[in-house]
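Here the structure is laid out as structure tokens; the discussion comes afterwards.
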Amino acid sequence: MVKFQGEAVCKVDDKGRIVLPAAFRDAFTRAGETDMTMVVKRSVQGTCLNLFTAAAWEQESEKVLEGLDTELNPEHAAFWSKYNAGVHYVTPDGKLSRLNIPSELLSKVGITKEVVFAGVGHKIEIWSKERRDAALMSDEVFQETAARLARKR
């Protein structure tokens, strides 16, 4: 499975395309993957976009669906419908590896010019630079959280 780590800042071009950073393209090669088909969707929190490999998306969506009864529970059915709304398959183009992400997704998370790609293991988060800076927890809160989580082990 492809694992994404690190962070990169990029620009959105005049046609709304974003170049997939080399470090994230290279993750496919390291994992022995040749199919670079990806799924992009708005995060559940609505603050960024999530970019999954097609295989990771299948696993993630199956995991979410396991806890739902979309046939008999209307709330579950409505959640599942919203969860899948705005899911788009994208493939980086040719040599430049540009992603053509629908403009409605970019605008919903405030992406206009500067974009942050943040690898978080099984997916890449795509943020507007401003929202990413605001969303990161402070060093103090990070250290407190790390200590609390370590105590739970």
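In plain terms, the chain from ASP69 to GLU104 could stretch by 9.6 nm, reckoned as 0.36 nm per residue minus the Cα-Cα distance.
Shown here for the stretch 14-48: trypsin sites (Lys or Arg not before Pro) in loop regions (DSSP other than H, G, I, E, B) with at most 11 other Cβ atoms within 10 Å, namely LYS15.
With protein chains left intact and a 1.4 Å probe, residues in the chain average 61 Å² of accessible area per residue. Applying 1/(1 + (r/R0)^6) with r as the Cβ-Cβ distance of ASP35 and GLN5 and R0 = 22 angstrom yields a FRET efficiency of 0.60.
Distance between the modelled labels on ARG151 and GLU60, one decimal in nanometres: 3.2 nm (7 Å Cα→Cβ projection). Rounded to the nearest Å, what's the spacing between the alpha carbon centres of the stretch 8-26 and the stretch 109-145? Just the number, please. Here the two parts' Cα centres lie 16 Å apart. For the chain, the Cα-based Rg and Dmax, in that order, read 16.8, 49 Å. For the stretch 92-153, the fraction of alpha-carbon pairs lying more than 18 Å apart is 55 percent, rounded to a whole number. Considering only alpha-carbon pairs that sit under 8 angstrom and 6 or more positions apart, the relative contact order computed for the chain is 34 percent. Bridging of LYS3 to lysines at a Cα separation below 25 Å is possible for LYS11, LYS41, LYS63, LYS95, LYS123, LYS129, once same-chain residues fewer than 8 apart are set aside. The eigenvalues of the Cα gyration tensor, multiplied by 5 and square-rooted, give the stretch 55-99 an equivalent ellipsoid with semi-axes of 30, 12, 5 Å from largest to smallest. Estimated at 0.36 nm per residue, the fully extended path between ARG17 and ASN84 surpasses their Cα-Cα distance by 21.9 nm.
May I ask you to list the GluC sites (Glu not before Pro) in the stretch 47-153 that are in a DSSP loop and have at most 10 other Cβ atoms within 10 Å of their Cβ?
Numbers: sites: GLU58, GLU60, GLU62, GLU66, GLU71, GLU75, GLU104, GLU114, GLU125, GLU130, GLU140, GLU144; in loops: GLU71.
Counting only loop positions with at most 10 other Cβ atoms within 10 Å, the GluC sites (Glu not before Pro) in the stretch 47-153 are GLU71.
Calculated over the stretch 23-80, the projected area of the Cα convex hull averaged across directions stands at 5.1 nm². The trypsin sites (Lys or Arg not before Pro) found in the stretch 59-141 that occupy coil by DSSP, while having at most 13 further C-beta atoms within 10 Å, are LYS95, LYS113.
The values are calculated or read from the model by the stated rules, or taken from the named source; none is laboratory data. What you are looking at is a predicted structure, and each value in this text was computed from that prediction instead of being measured. Glycine also receives a Cβ, built like all others from the backbone with ideal geometry; neighbour counts cover every protein chain displayed. Ligands, DNA and RNA are stripped out before the accessible areas are found, and what is left, the full protein with its side chains, is counted by its heavy atoms. Shrake-Rupley method; radii C 1.70, N 1.55, O 1.52, S 1.80 Å.
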